[in-house]
Amino acid sequence: MLGANASLKSMRRDEYQCVICSVGYAPTLDEMVEASFSVHRRVRHIAGHEPDSLPFWEYLRQFFWSSGLKLPEGDQFDHLASQIALDTVELAPGEKCQISLVLQPNHLLAFEPVTHTAQHLNVRGEQPEQRHELSIVYTCDDLQLPPRKLRPGPVRLTLENRTKQRLLPGIYIGGPVFKDMVSHHRRYLTASRLLTNQAFRDIYRGDTLDVDQRLKLTSLSFLFTDLKGSTELYERVGDLQAFDLVRAHFGVLTEAVNAAHGAVVKTIGDAVMATFTSPERAVAAALQMRTAMRRLNEERGREDLLVKIGIHEGSCLAVSLNDRLDYFGQTVNIAARVQALANSQSICVTEPVLRQDAVLRLLNAKQLVPQAQQQSLRGLSDCMTVYEIP
């Protein structure tokens, strides 16, 4: 785990450093940020509400390692811990202790999970005549100490806690067993999936990001719709009836978005902007929209409601605009431009969407053959390949 935050609003860094592997990572919402939930104290008390009361290894399991890491259970975990840890201690605030070890040639890691303080120790060479002395003082979070070279043999390690919280330093063997322990993963709830959940957006609305935050997503699928001829519709049937029709059309589109596990970001006039975690979900929603709108028109006996749909996938920024979570970037702009190319009976998608195997399987199952077109989009210097799904 690179860091823990109480909410997305408290994510303020452009990069988070993994002190174990000495690599920096950008906090992309769809790859690096896991969202988790816990029961509130007012509902019932759990051990996780009092982290300082947890035993050493249970703290690491519940608070340091992400739930995306698949750790062994019971005796198997105890056996693994004994293989990777030379020694572990608990340090109360202001406490100091000494650990005496006899080091063998190896790569060691002195790591403390509460403050994320780490120091790599490279044990190599001939054994010296005198004992090594090494001291680590814990003062702040995410302290990456410079690596040290030590020779095999006896070492006395002095650890001092100058923070106001309990610390849990340990000396670990950074060999194959440790690497294997952190290499098994399970699926987890990404922040991107959470923000593309309609219920979450409805409940929290503008309480997810601050106005000055810009959080990255490496991939998100955008679907834009627009109601063709809405101005003529109001003139032909009158404001009251046209409003009822437009409201019914919004209900149909929202139902399709929810069925494909997407979220409506906003409505703009008679248009809808929706997001999905994968292109095939966006295409599935578009196909359902088209079918549902045809059915709605058949029930009325006339084609008053004709919806144009465009889909694009790519990177973007999550931002807060007009007191709600929104998205910004070239991917969003292209998706809106592609929608403008669609006619009332087709769905237009870009090449990044169509190259997905899941999208091709979905279209093949419905015997739909996309037609490629070279299109010039406003604001882009180069032409794009846009596919029309008939």
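Computed from the coordinates by the stated procedures, all read-outs in this text should not be read as laboratory data. Since this is a predicted model, take the numbers as computed values, not measurements. Using ideal geometry, Cβ is built from the backbone for each residue, glycine included, and neighbour counts are taken over all protein chains shown.
Please report the base-10 log of the normalised intensity I(q)/I(0) for the chain, using a Debye sum with one equal scatterer per alpha carbon and no solvent, at each q in 0.06, 0.07, 0.09 (1/Å).
Per q value, in the given order, log10 I(q)/I(0) is -0.37, -0.48, -0.69.
DSSP beta bridges in the stretch 268-385, what fraction antiparallel, as a percent rounded to 5?
Values: 8 of 11 bridges.
So the antiparallel bridges in the stretch 268-385 amount to around 75 percent.
To the nearest 10 degrees, how steeply does helix 279-300 sit against the main Cα axis of the chain, on a 0 to 90 scale?
The two axes meet at around 30 degrees.
Kindly provide the helix-only [θ] at 222 nm of the chain, computed as the sum of -39,500 (n - 2.57) over DSSP H runs of four or more divided by all residues, to the nearest 500 deg cm²/dmol? Each step should come with its number before you reach the end.
On the way: 11 runs with 109 residues, N = 390.
Only helices count here, giving -8000 deg cm²/dmol.
Can you tell me what share of the DSSP beta bridges in the stretch 36-181 is antiparallel? A percent to the nearest 5 is fine. Walk me through the numbers before you get to the answer.
Working: 23 of 34 bridges.
Around 70 percent antiparallel, to the nearest 5.
Do you know the relative contact order of the chain, to the nearest whole percent, from alpha carbon pairs under 8 angstrom that are 6+ apart? Intermediate values should be presented prior to the final figure.
On the way: 739 pairs, mean separation 55.1, N = 390.
Once normalised by length, the contact order is 14 percent.
Checking the a/c ratio against 1.5 first, then a/b against b/c, what shape does the Cα gyration tensor give for the stretch 254-383?
rounded
Using the alpha-carbon centroid of each, what span in Å lies between the stretch 129-163 and the stretch 304-345?
If we compute the Cα centre of each part, the gap is 54 Å.
Using a 10 Å cut-off around each Cβ, can you sort His49, His261 from fewest to most neighbouring Cβ atoms? All intermediate terms of the calculation are to be shown ahead of the outcome.
Numbers: His49 12, His261 16.
With the sparsest Cβ surroundings first, the list reads His49, His261.
Just for the stretch 93-243, what percent of DSSP beta bridges are antiparallel, to the closest 5? If you can, show how the numbers build up before the last one.
Numbers: 19 of 30 bridges.
If I count the DSSP bridges inside the stretch 93-243, around 65 percent turn out antiparallel.
Given contacts defined as C-alpha pairs under 8 Å and at least six residues apart, what's the relative contact order of the stretch 34-192, whole-number percent?
Values: 292 pairs, mean separation 51.2, N = 159.
Dividing the mean separation by the residue count of the stretch 34-192 yields 32 percent.
Output the peptides 63-70, 28-35, 116-123 sorted from most to least packed, where packing is the average of other Cβ atoms within 10 Å over each peptide's residues.
116-123, 28-35, 63-70
Just to be sure I understand: with springs between alpha-carbon atoms less than 10 Å apart, which residue in Gly74, Gly262, Gly379 has the highest mean-square fluctuation in the Gaussian network model of the chain?
Comparing Gly74, Gly262, Gly379 in a Gaussian network model of the chain, the most mobile one is Gly74.
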